[in-house]
Amino acid sequence: MFQWKLHGNGRTVEAGSVVAPGERLNWGATVAIGLQHVIAMFGATFLVPVLTGFPVSTTLLFSGLGTLLFLLVTRNRLPSYLGSSFAFIAPVTAATAIDGTGSALAGIVAVGILLALIGVVVQFAGLGWVDKVMPPVVAGAIVALIGFNLAPVAWSNFQLQPLPGTITLVAVILFSVLFRGFLGRISIFLGVIVGYVATVLIQASTGETLIDFAPVEAAPWIGLPEFHLADFTTPQTWSVIAMFLPVVLVLVAENVGHVRGVAAMTDATANRSTGRALIADGVATTLAGTFGGSGTTTYGENIGVMAATRVYSTAVYWVAGLAAIVLSLSPKVGAVFNTIPPGVLGGVTTALYGLIGIIGIKIWVDNRVDFSRPVNQYTGAVALVLAIAGFTMQWGDFQLGAIVLGAVAALVIYHLGNAIARARKTGADDGGPIPAVGPLGGDPS
């Protein structure tokens, strides 16, 4: 498992070729690229615990451990970094407000267990049943509603410090269009840095306390992360867990997309590891949630690094995972990230939460969902409004939040609506992907 074949001369990647998962460059280059993967994941991974109130160092620890676990479960054949999943932000925020951190962690554990079980089924039965339960119009609606449901959270932070928030938001957008390749992919990270520096300058010029550096000075350089245990004993925990279940659909989509992306760039046989990838992410998420970390997922940022460097070696991910673990053992690092002011968070999340929603819409566009069909119209329309407005339903101590209601609405409207429309032959049902007419993406010739 730990024997990688040296690629070429070990220093360069030949034109038109890639470094396969079972290959590596020399160890100097491998370490350097591994550290680059840490930088790529860091901008997004630290934001999740900062936004949800989880310890940053703990999340980094389980991010690194999860990555190593992923490599072991997939038999070192699938390169991937497991960072914090944005899909957990909405349910964690709601669950923490309702019943505390312990119940939120229980929800993360439940997602991890369910994802691992889905992975086992996929490993033996394939992915066809997932596509039937969650066709593109439903998948897109569920992914989109998770992002749009967070819009009020972004505004609540933004309005506390509008100037730093505006500077941060503008910086994120500018970096994404100014730079190509790696720098463009970490525009969120760069935007946070610009916003943070701007806030420091505003504090120096006005004398107003916007950032408190006292906790950073007090934090030791070396120490263990802060651990919390998942709480399954509180009565409200089970209603909280219901809010997390739609996240499973997002993680399935992200993992499947990751495997297909790697397979397209390296070897089609990588698709055989889809079930193992789901199992690995499920186990990593369960481990993180049990002891106080954020739920994990495969990272698009790191796919970008692989595409830019053409290095798909799993050796670099062992380096990245170990580096994240080392980084997590410094409480001072965590304290620095906890000083990020609310205005900066408001600016970056205005873009970030919207992007999560746009990913869902992209699923509709990529699959050419036919929105002239009433079933498709109402599947997306009702689910999004329920999430954006924050609909809730409660029976005693049991509460269903907007994410659950939106996901259930999408599934019920689609499947029940199709059944009725087809039985009545009204033509309101989902007719499937729209057939291509002429060339796509340009003027017809």
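Does Trp129 count as surrounded by fewer than 17 Cβ atoms within 10 Å (Cβ to Cβ), of a type in the set (Phe, Trp, Tyr), touching a residue at least 24 places away in the same chain (Cβ under 8 Å) and in a helix (DSSP H, G or I)? No; evaluated as a whole, the condition is false for this residue. When the criteria are applied in full, Gly83 meets the requirement of being in a strand (DSSP E or B), touching a helix residue (DSSP H, G or I) at 6+ places or on another chain (Cβ under 8 Å) and either closer than 26 Å to Ala320 by Cα or free of Cβ contacts under 8 Å to residues at least 12 places away in the same chain (or both).
The residues on offer are Tyr353, Tyr317, and the sole one that is under 21 Å from Tyr196 (Cα atoms), of a type in the set (Phe, Trp, Tyr) and in contact with a Gly (Cβ under 8 Å, 6 or more places away or on another chain) is Tyr353.
Restricting to the range 269-295, and then to whatever is surrounded by 21 or more Cβ atoms within 10 Å (Cβ to Cβ) and at pLDDT below 90, can you tell me which residue is nearest to the chain's Cα centre (by Cα)? For the range 269-295, the residue satisfying everything is Thr274. Could you check, for the range 121-132, whether at least one of its residues is polar (S, T, N, Q) and closer than 16 Å to Val404 by Cα? Within the range 121-132, none of the residues are polar (S, T, N, Q) and closer than 16 Å to Val404 by Cα.
Please indicate, with yes or no, whether at least one residue in the range 221-234 is open to solvent by less than 40 Å² (accessible area, probe 1.4 Å) and either in a helix (DSSP H, G or I) or free of Cβ contacts under 8 Å to residues at least 40 places away in the same chain (or both). The answer is no; no qualifying residue exists. For the range 145-162, a residue qualifies if it is open to solvent by less than 40 Å² (accessible area, probe 1.4 Å) and either assigned to a helix (DSSP H, G or I) or among the hydroxyl-bearing types (Ser, Thr, Tyr) (or both), and the qualifying residues are Leu145, Ile146, Gly147, Ala154, Asn157, Phe158.
Collect the residues in the range 307-366 that are among the hydroxyl-bearing types (Ser, Thr, Tyr), open to solvent by less than 20 Å² (accessible area, probe 1.4 Å) and not in a loop (DSSP other than H, G, I, E, B), keeping them in residue-number order.
Passing the criteria: Thr314, Tyr317, Ser328, Thr349, Tyr353.
When the test is whether a residue is surrounded by fewer than 21 Cβ atoms within 10 Å (Cβ to Cβ) and either more than 23 Å from Leu60 (Cβ to Cβ) or of a type in the set (A, V, I, L, M, F, W, C) (or both), Leu245 passes it. For the range 63-83, the tally of residues that are open to solvent by 10 Å² or more (accessible area, probe 1.4 Å) and either of a type in the set (A, V, I, L, M, F, W, C) or within 14 Å of the chain's Cα centre (by Cα) (or both) stands at 5.
Restricting His7, His37 to those that are in contact (Cβ under 8 Å) with a residue 24 or more places away in the chain, open to solvent by less than 30 Å² (accessible area, probe 1.4 Å) and farther than 22 Å from Thr298 by Cβ reduces the list to His7.
Is one or more of the residues making up the range 368-390 open to solvent by less than 20 Å² (accessible area, probe 1.4 Å), in contact with a helix residue (DSSP H, G or I) (Cβ under 8 Å, 6 or more places away or on another chain) and of a type in the set (Val, Ile, Thr)?
yes
Looking across the range 1-34 at every residue that is part of a loop (DSSP other than H, G, I, E, B) and of a type in the set (Gly, Ala, Ser), the one that is modelled with the highest pLDDT is identified as Gly22.
The values are calculated or read from the model by the stated rules, or taken from the named source; none is laboratory data. All of these numbers come straight from a predicted model, not from anything done at the bench. Positions of Cβ are generated from backbone atoms using ideal geometry, with glycine treated the same way; all protein chains shown enter the neighbour counts. Please note that ligands, DNA and RNA were not included when accessible areas were found on the heavy atoms of the full protein model with its side chains. Shrake-Rupley method; radii C 1.70, N 1.55, O 1.52, S 1.80 Å.
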